[in-house]
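Before any comments, here is the structure.
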Amino acid sequence: MENKNTEQVITGPIAAIIITLTVCLTVLFAIGVFTPAKLDYATVNFDGGYQKIGVISQQRGFSDVKVVFNDKVLWSGSLDNVADEIAKSIASEKDPQNITWKDGVTLNGIAGVKWDGSENSFKLTTETINLVSTKETPLIVQNVINQLVALDRKVKYENKINAKQALTFSEAPSTSFTLTKFASLLRNL
């Protein structure tokens with residue numbers, strides 16, 4: 001008789017523990033505690049700090065170039081567009097390889113990666129170009145075109161590399177807040 005009482009004394013609490021664990025694990029699975037977190041909330045890190053941009057809907061390269069002479073914009077647009085326009089302007093010349101710009105012509109531009117996110121859009125400048133034609137060192141137009149084309153290729157080639165280095169991904173704040181609250185609730189029980 002003692003054996004039966006001992007068995008009943010041992011199996012009763014073990015059964016209660018197993019049932020409790022089963023119910024707890026079922027509840028935890030149901031609310032998604034064991035599913036891996038979705039890390040799609042982006043933050044851009046740059047020299048000046050960081051910017052939260054949210055879930056990225058689009059990533060692309062950007063560039064903005066201006067060629068100015070006497071406060072008049074001669075050409076403006078993307079790297080490849082400005083290079084094409086300059087090339088068209090010298091195409092009919094007898095010796096386009098040796099054409100130089102006048103003193104005072106400036107070319108200024110930036111290029112990099114642009115993200116459109118659920119919270120913000122952000123442009124990360126990764127390249128700059130600043131050229132000035134002077135009497136002492138006039139800019140050869142064909143060399144300028146070559147520099148613009150090379151910079152455009154570089155920006156497009158390094159787009160993914162620069163993005164990977166600049167972005168960090170985490171859970172969206174609302175999701176991580178909910179899970180943190182639930183975890184603290186379970187600890188307090």
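The values are calculated or read from the model by the stated rules, or taken from the named source; none is laboratory data. Since we're looking at a predicted model, the values are computed, not measured. Because the Cβ atoms are built from the backbone with ideal geometry, glycine has one as well, and the counts that use them run over all protein chains shown.
Tell me, which residue of the range 56-103 that is surrounded by fewer than 11 Cβ atoms within 10 Å (Cβ to Cβ) and of a type in the set (A, V, I, L, M, F, W, C) is modelled with the lowest pLDDT? Only one residue fits best here, namely ALA91. The number of residues in the range 82-137 that are of a type in the set (Gly, Ala, Ser) and touching a Gly at 6+ places or on another chain (Cβ under 9 Å) comes to 5. Suppose we keep only residues that are surrounded by 14 or more Cβ atoms within 10 Å (Cβ to Cβ) and either of a type in the set (Lys, Arg) or over 30 Å from ILE56 (Cβ atoms) (or both) within the range 104-122. Which one would you say is farthest from the chain's Cα centre (by Cα)? Selected residue: VAL105.
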